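Here the structure is laid out as C-alpha cells; the discussion comes afterwards.
The values are calculated or read from the model by the stated rules, or taken from the named source; none is laboratory data. Just so it is clear, the structure is predicted and the values come from calculations on it, not from any experiment. As a convention, Cβ positions derive from the backbone with ideal geometry for all residues, glycine included, and neighbour counts pool all protein chains shown.
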Amino acid sequence: MEHRQVELIPVKTHIVTKRDNIVDVIEKYAGPQMGPDDVVSVAESVVAITQGRYRRPEQMSPSLLAHVLARFVHRDSSCSSACGMQLTIDEGGAVRVLVAFIVGGITKFFGSSGMFYKLAGEQAALIDDVTGTMPPFDKMLVMGPKDPGGVAEAIKARIGCYGAAVADVNDLKRAAVLGVTEGLDPSELSRILIDNPFGNGNQQTPIVIIKNYAAAAAKRG
C-alpha cells in the first residue's frame, strides 16, 4: 500500500483517566470523522491508563532482585529503574525474569541483543517509566494494556469502521502494533504509523484516524 493514498488525522481528546472507557472516548472524538473505509488507531499507553494499569513509584517497594537486575540494563530502558524492573517481575514472575536476564546476558555476549525482552514477557518492552507518558501520568509508571486485540475489536464493533488497532509508537522511528481487528496487517499499520502521528504526550492526540485505508488496500490488491 502506498502511504500517500491514506490520510492520517490525529484526534485530540481530554486527559483520559481510568474513569474513562476507551471505546466511549474514541466514539466521542473520532466517531464523527470516520467512515466505513477508515481505520482508527489508539496509543497503547492511553488504553492501559483506562484499565488502571499504572503505579506511582513512591508507592512501590522494589525487591532486592529488581534493584540488582536494573543496574545491568541500558539506561534508555524502563527496566533500568528498580521500579520498572519490579513491574516486569510482577507481570512476568521473578523466576522468568531472572532466567531471561541470564540468557539475555549470555546471548548478548555472543552478539545477539534483545533476548531479555523476548523471554521476560511482553510487558518488559511495554512499560513506560516516569516521564514516558503524557501529564499527569508522566509521574507514574504505565504498563502495557491488557487484551489489545479485544480492545480493537470492541472499538470496531461500536464505531462501525473498517478496522481498529492499538499501537505503541514513539519519536525514535519505533512502531509496534499490539492488537488489531481481524483482516488488518499489523506490519503494514506499523509502517504507516512509523513517523508517530500521535505526537508527544502534551499534544493530547492519542487517537489517529487512517482515512481511506480500505480503498488504498483494494487498489494495492
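One table, with the values for the structure above:
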quantity	calculated
Residue identified as under 30 Å from Ser81 (Cβ atoms) and surrounded by 20 or more Cβ atoms within 10 Å (Cβ to Cβ) among Ala167, Ala125, Ala217	Ala167
Sole residue being over 21 Å from the mean Cα position of the chain (by Cα), modelled with pLDDT of 95 or more, assigned to a helix (DSSP H, G or I) and not small (Gly, Ala, Ser), chosen from Val25, Val47, Val68	Val68
Criterion: modelled with pLDDT under 95, more than 15 Å from the chain's Cα centre (by Cα) and hydrophobic (A, V, I, L, M, F, W, C) - qualifying residue of Val95, Val73	Val73
Boolean, Val130 is of a type outside the set (Gly, Ala, Ser), under 16 Å from Arg55 (Cα atoms) and at pLDDT below 95	yes
Within the range 82-152, helices (runs of 4 or more DSSP H) holding 3 or more residues that are over 29 Å from Glu58 (Cβ atoms)	94-109, 115-119
Flag if Ala165 is part of a strand (DSSP E or B) and of a type in the set (A, V, I, L, M)	yes
Test: residue in the range 49-68 that is surrounded by 23 or more Cβ atoms within 10 Å (Cβ to Cβ) and hydroxyl-bearing (Ser, Thr, Tyr)	no
Tabulated pairs, the range 88-117, first exposed (fewer than 15 other Cβ atoms within 10 Å of the Cβ), second of a type in the set (D, E, K, R), C-beta under 7 angstrom, 6+ apart or interchain	none
Residues of the range 6-22 satisfying the condition of being under 20 Å from the mean Cα position of the chain (by Cα) and either among the small types (Gly, Ala, Ser) or assigned to a loop (DSSP other than H, G, I, E, B) (or both)	Lys12, Thr13, His14, Ile15, Val16, Thr17, Lys18, Arg19, Asp20, Asn21
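Yes or no, residue by residue, for (1) buried (at least 22 other Cβ atoms within 10 Å of the Cβ); (2) farther than 18 Å from Met34 by Cα; (3) at pLDDT 90 or above; (4) not assigned by TED's automatic domain parsing to the domain that holds Ser41:
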{"position": "Ala152", "(1), (2), (3), (4)": "yes, no, yes, no"}
{"position": "Gly160", "(1), (2), (3), (4)": "no, no, yes, no"}
{"position": "Val177", "(1), (2), (3), (4)": "yes, yes, yes, no"}
{"position": "Pro186", "(1), (2), (3), (4)": "no, yes, yes, no"}
{"position": "Ile192", "(1), (2), (3), (4)": "yes, no, yes, no"}
{"position": "Gly199", "(1), (2), (3), (4)": "no, yes, no, no"}
{"position": "Lys211", "(1), (2), (3), (4)": "no, no, yes, no"}
